[in-house]
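The values are calculated or read from the model by the stated rules, or taken from the named source; none is laboratory data. Everything numeric here is computed off the predicted structure, so don't read it as measured data. Cβ placement follows ideal geometry from the backbone for every residue including glycine, while neighbour counts extend to all protein chains displayed. Keep in mind that these areas ignore ligands, DNA and RNA; they rest on the heavy atoms of the full protein, side chains included. Shrake-Rupley method; radii C 1.70, N 1.55, O 1.52, S 1.80 Å.
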Amino acid sequence: MRYDLNLLPVFMALMEERSVTRAAARLGITQPALSNALNRLRDTLKDPLFIRERYGIKPTQFAEEIGPVILETLAKLDDVILGRQHFDAATSTRVFNIAPNSYVEIVLIPNVVARLRQLAPAIKVSLAPFGADLTEAGLVSGTTDMALGRIVDPPDNLVVQHLMDDGLACVVRADHPDIGDSLSREQYEQLRHVNVLPPGRMRVGLFQALERQGLRRELAISVTHFLAVPEIIAVTDYCATLPRLICKQIAKDPRLKVIESPVDLGTFPVDIAWHVRYRNDPAHLWFRQLLVETAAELMNPD
């Protein structure tokens, strides 16, 4: 029997998107064209493969069984084909679609852009929201090149690499009437706090760290982005507990001061995640290494 290899990406798009509309958009084809390809797949494999449901499609048991085999086959083909491609960063016009969480967007991305300007001036970076999960970020479907942040429970078709760790410190206004150069546990619990609720899992880490230490925090306001914190702290007697690298930037503002938290709140990880299809893509490999080097310089500036 002869197999049409062009049908395999159609199968994987349907498996990962669970929607004919989204799968067609991902593949850049019309819905009728995708439906025609699906009919050919069904005829070849002698199985319905996908069943319509109220909010999309559901794979059959047979589709679930062969999904990992097809994914591995496509990944091996990508490894062979992409591995033979030449990549020259100095002349490349590649566009990388990146989904960083709000922490990475502030701390790491500006340094990445600066390095790109020197090493690969024609490469462009497009940022997408990290979202509440990796599906929202476009990572599971492969439409996003990589996500940067705290990666929890990734699906099998993603590769995750640890990038860096950061700790936590506190920020208050420079002329705070009650806080000097240090902060006691009692003072921390008596203060009112600004809380950051970025998308993703970072906020979970802070809540868990406080709980482990038995440290209470009275919230005055919750914001959705780190950039909102300095202006609020500067005009109130509130306190914020933030990543150290963000505190390092905030410390440049004369209205604010950074002090140690009263207890050790530990560290949180920052990871890179990408779809397995990019594993041996030379351009992708180069960009991932750029991220690793940039993060290393950021954590060890000397």
Seminar exercise, completed: Going through (1) open to solvent by less than 70 Å² (accessible area, probe 1.4 Å); (2) of a type in the set (Val, Ile, Thr); (3) over 27 Å from the mean Cα position of the chain (by Cα) one by one, residue 10 fails only at (3)
For this session: Scan the stretch 124-150 for residues that are at pLDDT 85 or above and surrounded by fewer than 18 Cβ atoms within 10 Å (Cβ to Cβ) and jot them down.
Result: 124, 125, 126, 127, 128
Seminar exercise, completed: The number of residues in the stretch 13-39 that are of a type outside the set (Ser, Thr, Tyr), surrounded by fewer than 18 Cβ atoms within 10 Å (Cβ to Cβ) and more than 19 Å from residue 144 (Cα to Cα) is 5
Problem set entry | Residue list for the stretch 92-122, restricted to those being among the acidic types (Asp, Glu) and within 18 Å of residue 285 (Cα to Cα) | none
Exercise. From the set of residues in the stretch 23-49 that are under 23 Å from residue 156 (Cβ atoms) and modelled with pLDDT under 85, which is farthest from the chain's Cα centre (by Cα)?
Worked result: 27
For this session: Provide a single number: the residues in the stretch 11-31 that are within 19 Å of residue 53 (Cβ to Cβ) and among the β-branched types (Val, Ile, Thr).
Result: 2
For this session: Check the stretch 84-95 and report whether any residue there is in a strand (DSSP E or B) and modelled with pLDDT of 85 or more.
Result: yes
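Quick grid of which residues meet (1) open to solvent by 20 Å² or more (accessible area, probe 1.4 Å); (2) in contact with a Pro (Cβ under 9 Å, 6 or more places away or on another chain); (3) at pLDDT 90 or above:
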site	(1), (2), (3)
152	yes, no, no
155	yes, no, no
166	no, yes, yes
171	no, yes, yes
174	yes, yes, yes
177	yes, no, yes
190	yes, no, yes
200	no, no, no
203	yes, no, no
For this session: Take the stretch 244-291 and flag every residue that is under 19 Å from residue 166 (Cα atoms), among the aliphatic types (A, V, I, L, M), open to solvent by less than 40 Å² (accessible area, probe 1.4 Å) and touching a strand residue (DSSP E or B) at 6+ places or on another chain (Cβ under 7 Å).
Result: 245, 250, 259, 265, 270, 272, 273, 291
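Residue by residue, here is whether (1) without any contact (Cβ under 8 Å) to a residue 40 or more places away in the chain; (2) touching a Leu at 6+ places or on another chain (Cβ under 7 Å); (3) not in a loop (DSSP other than H, G, I, E, B) holds:
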residue	(1), (2), (3)
9	no, yes, yes
12	no, yes, yes
22	no, no, yes
25	yes, no, yes
33	yes, no, yes
37	yes, yes, yes
41	yes, yes, yes
57	no, yes, yes
68	no, no, yes
